[in-house]
There are 2 protein chains.
Amino acid sequence: MAKDMSYKDKKVITIGIVRDLTGLSERQIRYYEERKLIFPERSAGGSRKFSFTDVELLMDIANKIEDGIQTHEIRKEMLREQKKQNQDEIRRKMIQGQLNAQFGIRRNS
Amino acid sequence: MAKDMSYKDKKVITIGIVRDLTGLSERQIRYYEERKLIFPERSAGGSRKFSFTDVELLMDIANKIEDGIQTHEIRKEMLREQKKQNQDEIRRKMIQGQLNAQFGIRRNS
DNA sequence: CGTGTAAGGAATTCTGACACG
DNA sequence: CGTGTAAGGAATTCTGACACG
């Protein structure tokens, strides 16, 4: 049922490692979280946990910042992409629903 | 040239996360390293860094320990597998070498 | 706006050792 | 042999704030 995440999306990397992986400062990483560009999870004790996807996203963000794009703009971009992907998802499911209605239940929702 | 490791083999997970992921105690994890069953890397400050592959291996190890197999046996098993894989690798390269000699250089060593 | 930094505290990790069995 | 635990210290991470611009 629930999308069961590959390694790439598992939140298991602490901020120090992310710093080493991206070359960004911890300050920058925390700031981008504050601006809602990334969403690390938390350990029981409160430490941030990132995924490889987050690491890649951070590098994209860093590039855009260097190009002078503001975090607010980056966030809006990301929301637009998110919205588009959601719509594609809905469309896909509707088409699948049509097929199911005509030809019966199929595997792979 | 150098095998460029997928996410699965990157050493980026600290011991606390590995503990949560495997259900093992930190003591057990450190002990299996001491017995040369796993080989975490180290951060600049000395903290262990594991990969997802290590995490999976640890779960296999834990199962074998439960079955009463000793760490020394597990290590020998692993060395045997390692050896076999190396031989397969050599064989593969030799065959590829033969092909190259007869039909010229090909992509994908 | 984006980032550096010093501050103080809490969580994390490390090693070597004693214990049990 | 494999694992728990208390011990002391060092490395890691956290938050809120001041600074600059």
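The values are calculated or read from the model by the stated rules, or taken from the named source; none is laboratory data. Not measured: the values here are computed from a predicted model. Cβ atoms come from the backbone with ideal geometry, glycine included; neighbour counts cover every protein chain shown. Just so you know, the surface numbers come from the protein's heavy atoms only, side chains and all, with ligands and any DNA or RNA stripped out. Shrake-Rupley method; radii C 1.70, N 1.55, O 1.52, S 1.80 Å.
Quick one: would you say B:ARG75 is open to solvent by 50 Å² or more (accessible area, probe 1.4 Å), within 11 Å of DNA strand D (Cβ to nearest atom), outside the structural domain of B:TYR7 (by TED's automatic domain parsing) and farther than 24 Å from A:ILE15 by Cα? When the stated conditions are applied, B:ARG75 passes them.
Residues are listed down the side, and each one gets a yes or a no for (1) over 12 Å from the mean Cα position of the chain (by Cα); (2) of a type in the set (Gly, Ala, Ser); (3) within 11 Å of chain B (Cβ to nearest Cβ):
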{"site": "A:ARG19", "(1), (2), (3)": "yes, no, yes"}
{"site": "A:GLY23", "(1), (2), (3)": "yes, yes, no"}
{"site": "A:ILE29", "(1), (2), (3)": "yes, no, no"}
{"site": "A:LYS64", "(1), (2), (3)": "yes, no, no"}
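With a requirement of 1 or more residues that are within 11 Å of DNA strand C (Cβ to nearest atom), open to solvent by less than 30 Å² (accessible area, probe 1.4 Å) and modelled with pLDDT under 95, none of the helices (runs of 4 or more DSSP H) lying completely within the stretch A:1-69 satisfies it. When the stretch B:31-56 is limited to residues that are more than 14 Å from chain A (Cβ to nearest Cβ) and of a type in the set (A, V, I, L, M, F, W, C), the one that is farthest from A:MET5 (Cα to Cα) turns out to be B:LEU37.
Going by what's in this entry, would B:LYS64 be described as basic (Lys, Arg) and in contact (Cβ under 8 Å) with a residue 24 or more places away in the chain? No, not satisfied. Quick check on the stretch A:82-104. Is at least one of its residues assigned to a helix (DSSP H, G or I), over 25 Å from B:ARG48 (Cα atoms), in contact (Cβ under 8 Å) with a residue 24 or more places away in the chain and open to solvent by less than 80 Å² (accessible area, probe 1.4 Å)? No, the conditions are met nowhere in the stretch A:82-104.
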